[in-house]
């Protein structure tokens, strides 16, 4: 199956899916070098439903699409976004990381960040990797996993 066919099949699937669940969602599918991006646009009322708490629904839907459409080795990863939520979430997490790093530098005391998903922790780890004098570490297991920001 060629990548172009996967993109067309993905578009057809999304059209039928949103029709069946009776949600007013427009979308576009953009193939990039490393990923296929699915950008969903809503009137705002259903965005929260599609995104879910901490992005749980959007990540689950993304996982489902990857299972359905990436059966062949070498297929590109599918990334789902709803009303630019990913960009807004990344900005919010980077601001949290910046404030936390500033606090750690001022006080010298490590700060714990709780209730973050694995992808949220990854964004903060990556962002703070560029900060001189700051290190990050994930601790704990499963749902109890948290991020520690400390001076290096």
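The values are calculated or read from the model by the stated rules, or taken from the named source; none is laboratory data. Everything numeric here is computed off the predicted structure, so don't read it as measured data. Heads up, the Cβs are rebuilt from the backbone with ideal geometry, glycines too, and the neighbour counts pull from every protein chain shown.
Below, the figures for the structure above:
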read-out	value
Residue ID - modelled with the lowest pLDDT, chosen from residues in the stretch 68-102 that are touching a strand residue (DSSP E or B) at 6+ places or on another chain (Cβ under 6 Å) and under 19 Å from residue 126 (Cα atoms)	79
Number of positions in the stretch 1-23 that are under 21 Å from residue 88 (Cβ atoms) and surrounded by fewer than 11 Cβ atoms within 10 Å (Cβ to Cβ)	0
Only one of 96, 113, 65 that is buried (at least 17 other Cβ atoms within 10 Å of the Cβ) and under 19 Å from residue 14 (Cα atoms)	65
Selected residue (only one of 23, 40, 50, 10 is touching a strand residue (DSSP E or B) at 6+ places or on another chain (Cβ under 8 Å), over 21 Å from residue 119 (Cβ atoms) and assigned by TED's automatic domain parsing to the domain that holds residue 78)	10
In the stretch 38-55, residue nearest to the chain's Cα centre (by Cα) [restricted to those that are closer than 12 Å to residue 81 by Cα and in contact (Cβ under 8 Å) with a residue 40 or more places away in the chain]	55
Flag if residue 151 is in contact with a helix residue (DSSP H, G or I) (Cβ under 7 Å, 6 or more places away or on another chain), more than 21 Å from residue 56 (Cβ to Cβ) and either modelled with pLDDT under 95 or loosely packed, with under 14 Cβ neighbours inside 10 Å (or both)	yes
Residue match in the stretch 107-114 (condition: at pLDDT below 95 and in contact with a helix residue (DSSP H, G or I) (Cβ under 6 Å, 6 or more places away or on another chain))	no
Residues satisfying the stated conditions in the stretch 31-47, i.e. at pLDDT below 95 and touching a helix residue (DSSP H, G or I) at 6+ places or on another chain (Cβ under 9 Å)	31, 36, 42, 47
Those residues of the stretch 123-144 which are within 27 Å of residue 56 (Cβ to Cβ) and surrounded by fewer than 15 Cβ atoms within 10 Å (Cβ to Cβ), in sequence order	126, 129, 137, 139, 140, 141, 142, 143, 144
Residue within the stretch 72-85 that is free of Cβ contacts under 8 Å to residues at least 12 places away in the same chain and surrounded by 14 or more Cβ atoms within 10 Å (Cβ to Cβ) present	no
Identity of the residue in the stretch 15-29, part of a helix (DSSP H, G or I) and within 17 Å of residue 62 (Cα to Cα), that ends up farthest from the chain's Cα centre (by Cα)	16
